[in-house]
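These notes are about the structure you will find just below.
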Amino acid sequence: MDSDQARALMSAHVREQFGHVLELREVSVVRRASGRTWRGDLVCPTRWGEVPVGQVVVHEDGRIIETCSVDTLVEAIVQVHPSVRPSMRPSTQPADGAGDLFADLATTDEEPGPELTFEMGDDLDDALGALGETPNVREQVRKLKASERAEDLQAARELLPKLLSDDESRRYTLAEMADVELRLGHKDLALQYLEAAGREFADRSEIRALELVASIALRVLGEEQFASHALKHLLDLSRRRVHPIEHLGQAPVFAGLSQADLARIEELATPLTLTQGQIVLQEGAQALRAFVIKSGILSIRLETPEGGSRLVRCSFPGSLLGETSVLGAPGSTCTATVKAESVTTLWSFDGARLRDLCDAMPILRTRLEGARALHRLDSFFSMHETTQTLDARMRDRILSCVTEIRHAQQDELLNTPGEIPSVVYLVAEGSVEYAADDSDRRVLRADSFIGLRDSLHGIRTDGTFVAAEDSLLVCFDPDKLRDVAANAPPDVVAVIERLD
């Protein structure tokens, strides 16, 4: 499914449910724990302008998973014009269909309120000016650094953070910030910036740049301290993971399969070589083929709700991509854009033929479904407003804590009150209700975590978590999550805790 198809489904749903009362506006892609979705904003045209009413969400498989209700619509109208209360309006049946439901609202006799004015003079200009990036900031920084004077270096130090918002150059900015701190004699802060830059270089597998920041850290720390530093581990890992694999049995998705099963899979594989910069999968295009990397590097980019795309990770030899071509319904579309970052060799599979093989090899389908579930979760964490700051290795560590993905029936009890959670849940679809003795009651909907904070801190949960409807849950091992938190920097732990 692409954005146009999603919009068509939403429009048909809104027209069926509300006629001409509501209109669909902006549609954007949103990554959920259950997969890729599209979110459409709904408005109600009134005499006061367009009133935001709510949203409609369609899943990549075509299901409407969230929508607006009549109650939500009425509440939105009343909020805009509180003097109009539904209980005070005459209950009349419109003669010409649903479009007249709000005719009374448009003819209220109440005088419009005064126009709001905002007069701040120069203070407003200053505030707005501070929001924009100073022109040619990087050129200014270059000149300031060239002078080598302490006051100029301090000025460069204050300018550089303005460049961190640019995702494409952020890693270079961090390295430059480290350089300035070293020149000012702030070694500890410089090492923090070097490590942050190194993590971003490692995410993109830019080995030469990673080697550069690692060599700077080596000079600062000395050989003995550098041997146990995070940058040394990052460099070693990055060098290992680009090592080519020789046969499909070395790919994690096929590891442990019998020689007979591997032979059947290899019969379907076609060698393919990509040039640097070549796109092998395009988000929104029809999903037809799957791939396993033999050598080289592929980057994964996801469309953002604001438009454009963002690089979220690189994939290395042994990685599987394009499983939607096998597991998706006919006409399914690619969920990410995949581009070769170097000359890359692949094993290419026709999705339809691999799907047929899954019918004869259930274990293959299970492996591919597991890969798809993890890819969906990684996309969710990559684009989530809280966890998108985590690097790929930290996301991988969190994903390694997943034990299963299962369905919970309505009214199923998910925890034992008075005990530390034995499972941490992420609601992929559906909802879960929490209730405590003190009448604290709330509903946790899709993409919410359950029991995460209590599990991390070893706290007994007082209330109960009960599935409010049939729900799809991602289960995490709490002991593994505690190990991840115990060995993570404080800022990463803070990110994880904010999920609950």
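Identify, from the list LEU456, LEU452, LEU377, LEU444, the residue that is crowded, with 19+ Cβ neighbours inside 10 Å and closer than 23 Å to SER319 by Cα.
None of the other options fit; the residue is LEU377.
Could you please find all residues in the range 19-39 being part of a strand (DSSP E or B) and in contact (Cβ under 8 Å) with a residue 40 or more places away in the chain?
SER28, VAL29, VAL30, ARG31, ARG32, GLY35, ARG36, ARG39
Could you go through the range 229-248 and let me know if any residue there is crowded, with 16+ Cβ neighbours inside 10 Å, farther than 30 Å from LEU320 by Cα and not β-branched (Val, Ile, Thr).
Yes: the range 229-248 contains one or more residues that are crowded, with 16+ Cβ neighbours inside 10 Å, farther than 30 Å from LEU320 by Cα and not β-branched (Val, Ile, Thr).
If we scan the range 324-337, do we find a residue that is at pLDDT 95 or above and farther than 30 Å from ASP166 by Cα?
no
Going by the conditions given, is ASP96 part of a loop (DSSP other than H, G, I, E, B), surrounded by fewer than 16 Cβ atoms within 10 Å (Cβ to Cβ) and modelled with pLDDT of 85 or more?
Answer is no for this residue.
Matching residues to (1) assigned by TED's automatic domain parsing to the domain that holds CYS475; (2) of a type in the set (S, T, N, Q):
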site	(1), (2)
THR366	no, yes
PHE381	no, no
ARG395	no, no
ILE405	yes, no
GLY418	yes, no
GLU429	yes, no
ARG445	yes, no
LEU452	yes, no
THR461	yes, yes
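If PRO271 satisfies every condition in (1) surrounded by fewer than 19 Cβ atoms within 10 Å (Cβ to Cβ); (2) under 31 Å from the mean Cα position of the chain (by Cα); (3) in a strand (DSSP E or B) but one, which is the exception?
Of the numbered conditions (1) surrounded by fewer than 19 Cβ atoms within 10 Å (Cβ to Cβ); (2) under 31 Å from the mean Cα position of the chain (by Cα); (3) in a strand (DSSP E or B), the odd one out for PRO271 is (2).
Scan ILE279, ILE265, ILE216 and give me the residue that is surrounded by 18 or more Cβ atoms within 10 Å (Cβ to Cβ) and in the same structural domain as ALA329 (by TED's automatic domain parsing).
Only one candidate passes the filter, namely ILE265.
Regarding ALA197, is this residue at pLDDT 80 or above and either surrounded by 11 or more Cβ atoms within 10 Å (Cβ to Cβ) or of a type in the set (Phe, Trp, Tyr) (or both)?
Criteria met by ALA197.
Filter the range 349-371 down to residues that are in contact with a strand residue (DSSP E or B) (Cβ under 8 Å, 6 or more places away or on another chain) and either surrounded by 18 or more Cβ atoms within 10 Å (Cβ to Cβ) or of a type in the set (Val, Ile, Thr) (or both) and give me whichever is farthest from SER258 (Cα to Cα).
So, considering only residues that are in contact with a strand residue (DSSP E or B) (Cβ under 8 Å, 6 or more places away or on another chain) and either surrounded by 18 or more Cβ atoms within 10 Å (Cβ to Cβ) or of a type in the set (Val, Ile, Thr) (or both), the one farthest from SER258 (Cα to Cα) is GLY351.
Hey, ALA287 hits all of (1) surrounded by fewer than 12 Cβ atoms within 10 Å (Cβ to Cβ); (2) within 16 Å of LEU327 (Cα to Cα); (3) small (Gly, Ala, Ser) but one; which does it fall short on?
Evaluating ALA287 over (1) surrounded by fewer than 12 Cβ atoms within 10 Å (Cβ to Cβ); (2) within 16 Å of LEU327 (Cα to Cα); (3) small (Gly, Ala, Ser) leaves (1) as the failure.
For SER315, indicate whether it is within 28 Å of ILE207 (Cβ to Cβ) and without any contact (Cβ under 8 Å) to a residue 24 or more places away in the chain.
It is true that SER315 is within 28 Å of ILE207 (Cβ to Cβ) and without any contact (Cβ under 8 Å) to a residue 24 or more places away in the chain.
Assess whether ARG393 counts as being surrounded by fewer than 18 Cβ atoms within 10 Å (Cβ to Cβ), over 29 Å from LEU268 (Cβ atoms) and in contact with a Lys or Arg (Cβ under 8 Å, 6 or more places away or on another chain).
So ARG393 fits the description; yes.
Are there any strands (runs of 3 or more DSSP E) wholly within the range 388-493 with 2 or more residues that are touching a helix residue (DSSP H, G or I) at 6+ places or on another chain (Cβ under 9 Å), and if so which?
402-408, 424-429, 471-476
Take the residues in the range 158-191 that are out of contact with any helix residue (DSSP H, G or I) (no Cβ under 8 Å at 6 or more places or on another chain) and not acidic (Asp, Glu), then tell me which one is nearest to ALA230 (Cα to Cα).
HIS186
Can you name the residue in the range 154-167 that is charged (D, E, K, R) and free of Cβ contacts under 8 Å to residues at least 40 places away in the same chain and, of all such residues, is surrounded by the most Cβ atoms within 10 Å (Cβ to Cβ)?
ARG157
The values are calculated or read from the model by the stated rules, or taken from the named source; none is laboratory data. Predicted, not measured: the structure shown is a model, and the values here were computed from it. Here the Cβ is made from the backbone with ideal geometry for all residues, glycine too, and neighbour counts use every protein chain on show.
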